[in-house]
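Enquirer: For reference, the structure I am asking about is given below.
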Amino acid sequence: MAAGQVSVSDPTLLAELRRYGKFDPTGCYQCGSCTISCDLVDDVVSFPRRSIRYVLLGLREPLRQSLEPWICHDCGDCSIVCPRQAEPRISMITVRRFLSAQYDWTGIAAKLLQSTAWYIGSLLCVAIVTVLLILGYHLWYVAMPFRTFATTPYPLEHMFPIITYYTLTVMLVPLLLLFSRVFRIWHLTMASEGREKAPISLYIVEAWVYIYQSLTDSMMRKCPERSRWLGHWLLALGTFTMLTIKVCGLRWFQTDHIYPLYHPQRWVGYLASAFVLYGIGSILLGRLRARKEIYKETHFQDLVFPALLLLTVLSGLAAHIFRYSGLELSCHFAYALHIIFATPMLVIEMSFGKWSHMVYRPLALYFLAVREKAMQHAHARQAVPHAI
């Protein structure tokens, strides 16, 4: 809470938060074991105890203004050491889901994050629309008879011009929607009433923090289980590489031209796919090897993104293998599945789901760095004696 700021207790906050997931720290007696056990806590950042306390006291605005929940990397150590089995790890996940809804100006995220039916329904609706677009393109736009569409092998080059615009749309619109929340997050966390405003110069000077954290996710390396960092980093690197390819090099990457094995076009795709598969595999294996009680409350929606990403990569690899093997009809259907899996992942997950964390986490660290520098400058000014 900012200095001098008074927050009114809201008794409805706890009930509202529970609509986003499990939050039941009734056994918590604020011993602080969870905070002490976390290697990411420092003099400025303190969690999960502070965030949990905000909820229990009904302090809605301090919770909405808090950046600390995004520093948590879900290692589960706090739940291991909790003497009351209050599951602070689960509570932090729920808080992040709540905050994601607060940032979304459309109100869609709140519906999807509170309701599994809304969430699954939205994914299915986008998938069905994608299927209808594929059928409409072949049967109406190209005027291809259904029998020909279903049984006759064709190269994919006839659809590349229009699929280029489709790909850019389903990637850039969700990405722009995601980044459109940056101002709202800034207004909530950095420009709230009672908080000292940081000068623009500090945002410019500290901008490297956002870039560095986005590229390295170095905070996770402080966690005791350092192997988690490599899997998450490779997953992010592979996903970012695929996004870059689709946005900047789609015409070069998406072609019926058969490249030799040594061509960089093939190896960029292979490496990106390998990074994603390794990242997903390491995360799943890590959870299987960890103590079961840590992850026993894994939220269903948290598993959908890696599942969709895995299906997208595997279907893309299948289309690639079929194309290079001369199996044009199989390639066509595999490519259709690739689009059907990828579109809901991009439209729903990037905009409103787990994928949005790739923006929120480095943004939180960036804003915290600006806050810390602003506080240092303010203390330095107060320390300078007034001229007589």
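Enquirer: Taking the stretch 182-272, how much of its Cα-Cα pair set, in percent, is spaced more than 16 angstrom apart?
Expert: Numbers: 2913 of 4095 pairs.
In whole percent, the share of Cα-Cα pairs in the stretch 182-272 beyond 16 Å is 71.
Enquirer: Taking R0 as 56 Å, what's the FRET efficiency between L133 and V8 from their Cβ-Cβ distance, rounded to 0.05?
Expert: Numbers: r = 49 Å, r/R0 = 0.88.
The formula returns an efficiency of 0.70 here.
Enquirer: How large is log10 of I(q)/I(0) for the stretch 13-103 at q = 0.16, 0.23 Å⁻¹ when the intensity is taken from the Debye formula with one equal scatterer per alpha-carbon?
Expert: -0.55, -1.21
Enquirer: I'd like the orientation of helix 300-324 relative to the chain: the angle between its Cα long axis and the longest Cα principal axis, in ° from 0 to 90, rounded to 10.
Expert: On a 0 to 90 degree scale, this one is about 30.
Enquirer: Separate question: Compute the distance in nm between two label points, each set 7 Å from the Cα along the Cα-to-Cβ direction, one at Y141 and one at T26.
Expert: 5.5 nm
Enquirer: Please give the direction-averaged projected area of the C-alpha convex hull for the chain, in square nanometres with one decimal. Show your work: numbers first, answer last.
Expert: Numbers: hull surface 91.5 nm².
Mean shadow area of the hull around the Cα atoms is 22.9 nm².
Enquirer: Right, here's the next one. Kindly provide the helix-only [θ] at 222 nm of the chain, computed as the sum of -39,500 (n - 2.57) over DSSP H runs of four or more divided by all residues, to the nearest 500 deg cm²/dmol?
Expert: On the way: 19 runs with 244 residues, N = 388.
Helix contribution divided over all residues of the chain: -20000 deg cm²/dmol.
Enquirer: Okay, moving on. Please compute the net charge surrounding E16, taking Lys and Arg as +1 and Asp and Glu as -1 over other residues with Cβ under 10 Å from its Cβ.
Expert: Numbers: positive: R18, R19, R60; negative: D10.
Summing Lys and Arg as +1 and Asp and Glu as -1 gives +2.
Enquirer: I would also like to ask the following. Excluding residues fewer than 8 places away in the same chain, name every one of the aspartates and glutamates whose C-alpha is closer than 16 Å to that of K222.
Expert: Straight-distance partners of K222: D39, D42, D43, E68, D74, D77.
Enquirer: With each pseudo-label sitting 7 Å past Cα toward Cβ, what's the L327-I258 distance in nm, one decimal?
Expert: Once both label points are built, they end up 1.6 nm from each other.
Enquirer: Any chance you could check the Cα centroid distance between the stretch 22-83 and the stretch 172-236 for me, in angstrom?
Expert: Comparing the Cα centres of the stretch 22-83 and the stretch 172-236, I get a distance of 19 Å.
Enquirer: Related question: Sorting R184, R64, R228 on the 10 Å Cβ count, fewest up front, what's the list? Please list the in-between numbers first.
Expert: Details: R184 13, R64 17, R228 20.
Ordered by Cβ neighbours within 10 Å, fewest first: R184, R64, R228.
Enquirer: Round to the nearest 10 and give me the degree value, 0 to 90, for the angle of helix 160-179's Cα axis relative to the longest principal axis of the chain.
Expert: Between the helix axis and the principal axis of the chain, the angle is about 10 degrees.
Enquirer: How far apart, in nanometres, would the label points at S201 and R53 be if each is projected 7 angstrom from Cα along the Cα-to-Cβ direction?
Expert: Label-label distance for S201 and R53, simple model: 3.5 nm.
Enquirer: For L168 and D39, compute 0.36 nm times the residue count separating them, minus their Cα-Cα distance, and round to one decimal in nm.
Expert: Stretched fully, the L168-D39 segment lengthens by 42.4 nm.
Enquirer: What is the chain's relative contact order, in percent, from Cα pairs under 8 angstrom and six or more apart in sequence? Show your work: numbers first, answer last.
Expert: Numbers: 423 pairs, mean separation 85.7, N = 388.
RCO, the chain: 22 percent.
Since every read-out is calculated from the coordinates, none of them should be taken as a lab result. For clarity, every value in this text was computed on a predicted model and none was experimentally measured. All Cβ positions, glycine included, derive from the backbone under ideal geometry; neighbour counts span all protein chains shown.
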